[in-house]
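Peer 1: A single structure is presented below for examination.
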Amino acid sequence: PICREQTIPPISKIILLRPNTFCLHSKNLDDEFSLIETPETILNGISPNLKQSRNDGTNVEEADGKKAVYTLFILTFFIASLAALDRVAMSIAILPISKEFGLSDSVKGQISSVFSIGYGLGAIPSGLLVAVFRPRYIMAVGVAFWSFATIATPLTANLIQSDALWPTAAVATVATNIAPLLSIRAVMGLAESVVLPSIQRIISVWVDPEKKSLAIATVFGAFNSGTMLAYLISPGLLEEFGWRNMFYLYGAAGLILLVPWVLFTQDTPYTPNSLDSSILPAAINDDEHAEDGDFWEKLADLRNNTPWKEMYKSPAILAMTAAHAANNWGLYNSLAWTPTFYSEQYGLNVRDSALLSITPSIAGALGGVLAGFTADRLLAEGGWDRTTVRKIFQGISLLGSAACLLTLSNHIPEKASTAQALLTAAVGLQAFNAAGYGAANQEKAGEKWSGLLYSLTSLPGVAFGTLGVYATGRLLDLTGQDWSIVYGLTASINIVGVIPFLIWFDGKKEFD
């Protein structure tokens, strides 16, 4: 793996990989390089002072490494959850907003889809930034910007004007001046585009290969948890404080979360803060400052060394992109339109529509973790081929979800609870992609390019998912709110999207 190299006399080189794994190069050893699995082994063989400094708890402690891991991943989970909550909040608030300003389904589709346009515009730049700059700093900037955009959402919505088309008893209106709201939602999507590339880079550095499926599934579970939280608490906030104050509260929560993220997280498992500068002063500190580097040098490195052509020509990457696109069509529509489906199809109010939307998110979180855990066990203990495991779980994800949606499309149930059960099963099965293309990204690229590779495979998916949200609004207007067509189309796209993955994907690493 890409790792740090420290020069420490009389040892020529000590390379810090990840917790409990060091690579030692010593002039006093027969072997040129020795791989030592535990820090204690290094300490026993290097310096009694260093060993003592570790044992008495004043310098390098194993507990510090564990604390850093837990702190980083807990805060990462919260940030991912908040990203989903802030995004999904609009799908709930759009109901009272559309009533207040007289918005059609087409306009609601524009408001929901423009977030994804901003997200797509930021996907590639975010992947490039996390390849050469510290991902925790990139993440902090993203959280700050999308939190301010969340706060600005009701301010720009207040600028919408509802103009009467003709003066009748039942006045028809058309909303105008929605551009400010669309712009701020696009900015919010642009800011949130840093989250997954940053997390991909963090996981590539901190998580062992045999545990990455579960790590990815946990992150995806955080998004489902945020979605569930949005459906759970937003209706109450809407009723108690109004939709405007709901956005103010969510934006403030993001700014508050920035404080522990900036103060208590680190980019690598071992940093200068975990080592006593009196023992390892120059090597550690020089490396830390070197990591910042010159901005223009880093841009030149991106221009000269980014494997653009190889990524675009890889059949496996194309297969991952197709699966990602099919997933996003269904995911984006689910996030944007599920409460509206319950409201229009069954006449439910905001609270009841949101509550029925919770169970798919629960199923998504549990399904992803189950898939990640099972995939890791098959790879680590079952000796399964990596390519086979990824194809199996991606097939379950898209084909299983398609089966549920085709059933729903064939006949929209009379009872909302039956539709809820089918949508819950669809989302739960779709979450198996965490052990499909989601984890495959970590295996196809090394630490440096994992964030960029995710961005490259997600960009067409973001565009396709955005098109799906807008197209759904148009379909509903044109068909008189016929939801069977919406779900039948999504099922068909799932089936088409999984075919390239089953044919072309392979689990071999291509980009270091």
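The values are calculated or read from the model by the stated rules, or taken from the named source; none is laboratory data. Since the model is a prediction, treat every value here as computed from it, not as a measurement. Virtual Cβ from ideal backbone geometry, glycine too; neighbours counted across all protein chains shown. With ligands, DNA and RNA removed, areas are computed over all heavy atoms of the protein, side chains included. Shrake-Rupley method; radii C 1.70, N 1.55, O 1.52, S 1.80 Å.
Peer 1: Looking at residue 355, is it over 19 Å from residue 476 (Cα atoms), modelled with pLDDT of 90 or more and either part of a helix (DSSP H, G or I) or not assigned by the TED database to the domain that holds residue 467 (or both)?
Peer 2: Details: over 19 Å from residue 476 (Cα atoms): yes; modelled with pLDDT of 90 or more: no; either part of a helix (DSSP H, G or I) or not assigned by the TED database to the domain that holds residue 467 (or both): yes.
Taking the combined requirement at face value, the residue does not satisfy it.
Peer 1: Please go through segment 402-459 and pick out each residue that is among the aliphatic types (A, V, I, L, M) and assigned to a loop (DSSP other than H, G, I, E, B).
Peer 2: Quick first cut of segment 402-459, residues among the aliphatic types (A, V, I, L, M) only: 402-403, 405-406, 408, 412, 416, 419, 421-423, 425-427, 429, 431, 434-435, 439-440, 445, 452-453, 456, 459.
Listed by number, the list holds a single entry, 412.
Peer 1: Okay, next question. Right, residue 467: modelled with pLDDT of 80 or more, surrounded by fewer than 24 Cβ atoms within 10 Å (Cβ to Cβ) and out of contact with any helix residue (DSSP H, G or I) (no Cβ under 6 Å at 6 or more places or on another chain) or not? If you could, list the steps in order and put the result at the bottom.
Peer 2: Working: modelled with pLDDT of 80 or more: yes; surrounded by fewer than 24 Cβ atoms within 10 Å (Cβ to Cβ): yes; out of contact with any helix residue (DSSP H, G or I) (no Cβ under 6 Å at 6 or more places or on another chain): yes.
Spelling it out, residue 467 is indeed modelled with pLDDT of 80 or more, surrounded by fewer than 24 Cβ atoms within 10 Å (Cβ to Cβ) and out of contact with any helix residue (DSSP H, G or I) (no Cβ under 6 Å at 6 or more places or on another chain).
Peer 1: Let me ask another. Look through 359, 388 and report the one residue that is of a type in the set (Val, Ile, Thr), more than 30 Å from residue 315 (Cβ to Cβ) and either open to solvent by 30 Å² or more (accessible area, probe 1.4 Å) or free of Cβ contacts under 8 Å to residues at least 60 places away in the same chain (or both). Walk me through how you get there before you give the answer.
Peer 2: On the way: 388 fails: more than 30 Å from residue 315 (Cβ to Cβ).
Among 359, 388, only 359 is of a type in the set (Val, Ile, Thr), more than 30 Å from residue 315 (Cβ to Cβ) and either open to solvent by 30 Å² or more (accessible area, probe 1.4 Å) or free of Cβ contacts under 8 Å to residues at least 60 places away in the same chain (or both).
Peer 1: Next question, about the same structure. Could you please let me know if residue 502 is free of Cβ contacts under 8 Å to residues at least 40 places away in the same chain, hydrophobic (A, V, I, L, M, F, W, C) and either open to solvent by 10 Å² or more (accessible area, probe 1.4 Å) or not assigned by the TED database to the domain that holds residue 343 (or both)?
Peer 2: Working: free of Cβ contacts under 8 Å to residues at least 40 places away in the same chain: no; hydrophobic (A, V, I, L, M, F, W, C): yes; either open to solvent by 10 Å² or more (accessible area, probe 1.4 Å) or not assigned by the TED database to the domain that holds residue 343 (or both): yes.
No.
Peer 1: Need a quick list: helices (runs of 4 or more DSSP H) entirely within segment 123-207 having at least 1 residues that are of a type in the set (Phe, Trp, Tyr) and at pLDDT below 90. Walk me through how you get there before you give the answer.
Peer 2: Working: elements: 135-157, 179-192, 195-206.
Filter on segment 123-207 gives 195-206.
Peer 1: Something else about it: Of everything in segment 427-459, what is in contact with a Phe, Trp or Tyr (Cβ under 9 Å, 6 or more places away or on another chain) and among the small types (Gly, Ala, Ser)? Give them in sequence order.
Peer 2: 431, 434, 435, 436, 438, 439, 440, 445, 446, 450, 458
Peer 1: Quick one: count up the residues across segment 66-86 that are open to solvent by less than 60 Å² (accessible area, probe 1.4 Å) and at pLDDT 90 or above.
Peer 2: 10
Peer 1: Here is a follow-up. Right, residue 382: surrounded by fewer than 17 Cβ atoms within 10 Å (Cβ to Cβ) and within 22 Å of residue 238 (Cβ to Cβ) or not? First the steps, then the outcome.
Peer 2: On the way: surrounded by fewer than 17 Cβ atoms within 10 Å (Cβ to Cβ): yes; within 22 Å of residue 238 (Cβ to Cβ): no.
When the stated conditions are applied, residue 382 does not pass them.
Peer 1: Could you list, in sequence order, the residues of segment 87-118 that are small (Gly, Ala, Ser), in contact (Cβ under 8 Å) with a residue 24 or more places away in the chain and assigned to a helix (DSSP H, G or I)? Break it down into steps so the answer makes sense when it comes.
Peer 2: Initially, segment 87-118 is screened for residues small (Gly, Ala, Ser), giving 89, 91, 93, 98, 102, 104, 106, 109, 112-113, 116, 118.
The next check asks that each one be in contact (Cβ under 8 Å) with a residue 24 or more places away in the chain; those that pass are 89, 91, 93, 102, 104, 106, 109, 112-113, 116, 118.
Within segment 87-118, 89, 91, 93, 106, 109, 112, 113, 116, 118 qualify.
Peer 1: Being at pLDDT 90 or above, touching a Pro at 6+ places or on another chain (Cβ under 9 Å), open to solvent by 50 Å² or more (accessible area, probe 1.4 Å) and not assigned by the TED database to the domain that holds residue 128, is that true of even one residue in segment 309-319?
Peer 2: The answer is yes, given that some residue of segment 309-319 is at pLDDT 90 or above, touching a Pro at 6+ places or on another chain (Cβ under 9 Å), open to solvent by 50 Å² or more (accessible area, probe 1.4 Å) and not assigned by the TED database to the domain that holds residue 128.
Peer 1: When you scan segment 88-104, how many residues do you find that are in contact with a helix residue (DSSP H, G or I) (Cβ under 9 Å, 6 or more places away or on another chain) and open to solvent by 10 Å² or more (accessible area, probe 1.4 Å)? Break it down stepwise before answering.
Peer 2: Step one: filter segment 88-104 for residues in contact with a helix residue (DSSP H, G or I) (Cβ under 9 Å, 6 or more places away or on another chain), giving 88-98, 100-101, 103-104.
Those still in the list that are open to solvent by 10 Å² or more (accessible area, probe 1.4 Å) too: 95-96, 98, 100-101, 103-104.
Residues in segment 88-104 being in contact with a helix residue (DSSP H, G or I) (Cβ under 9 Å, 6 or more places away or on another chain) and open to solvent by 10 Å² or more (accessible area, probe 1.4 Å): 7 in total.
One line per residue, one yes/no per condition, for (1) open to solvent by 30 Å² or more (accessible area, probe 1.4 Å); (2) part of a helix (DSSP H, G or I); (3) without any contact (Cβ under 8 Å) to a residue 60 or more places away in the chain:
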site: 473; (1), (2), (3): no, yes, no
site: 478; (1), (2), (3): yes, yes, yes
site: 481; (1), (2), (3): yes, no, no
site: 485; (1), (2), (3): yes, yes, no
site: 490; (1), (2), (3): no, yes, no
site: 495; (1), (2), (3): yes, yes, no
site: 506; (1), (2), (3): yes, no, no
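Peer 1: So, one more: Whether any residue in segment 443-460 is modelled with pLDDT under 90, touching a Gly at 6+ places or on another chain (Cβ under 9 Å), crowded, with 17+ Cβ neighbours inside 10 Å and of a type in the set (Asp, Glu) is what I want to check.
Peer 2: For segment 443-460, residues modelled with pLDDT under 90, touching a Gly at 6+ places or on another chain (Cβ under 9 Å), crowded, with 17+ Cβ neighbours inside 10 Å and of a type in the set (Asp, Glu): present.
This table checks each residue for (1) farther than 25 Å from residue 213 by Cα; (2) modelled with pLDDT of 95 or more.
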{"position": "386", "(1), (2)": "no, no"}
{"position": "389", "(1), (2)": "no, no"}
{"position": "402", "(1), (2)": "no, yes"}
{"position": "405", "(1), (2)": "yes, yes"}
{"position": "411", "(1), (2)": "yes, no"}
{"position": "417", "(1), (2)": "yes, no"}
{"position": "425", "(1), (2)": "no, yes"}
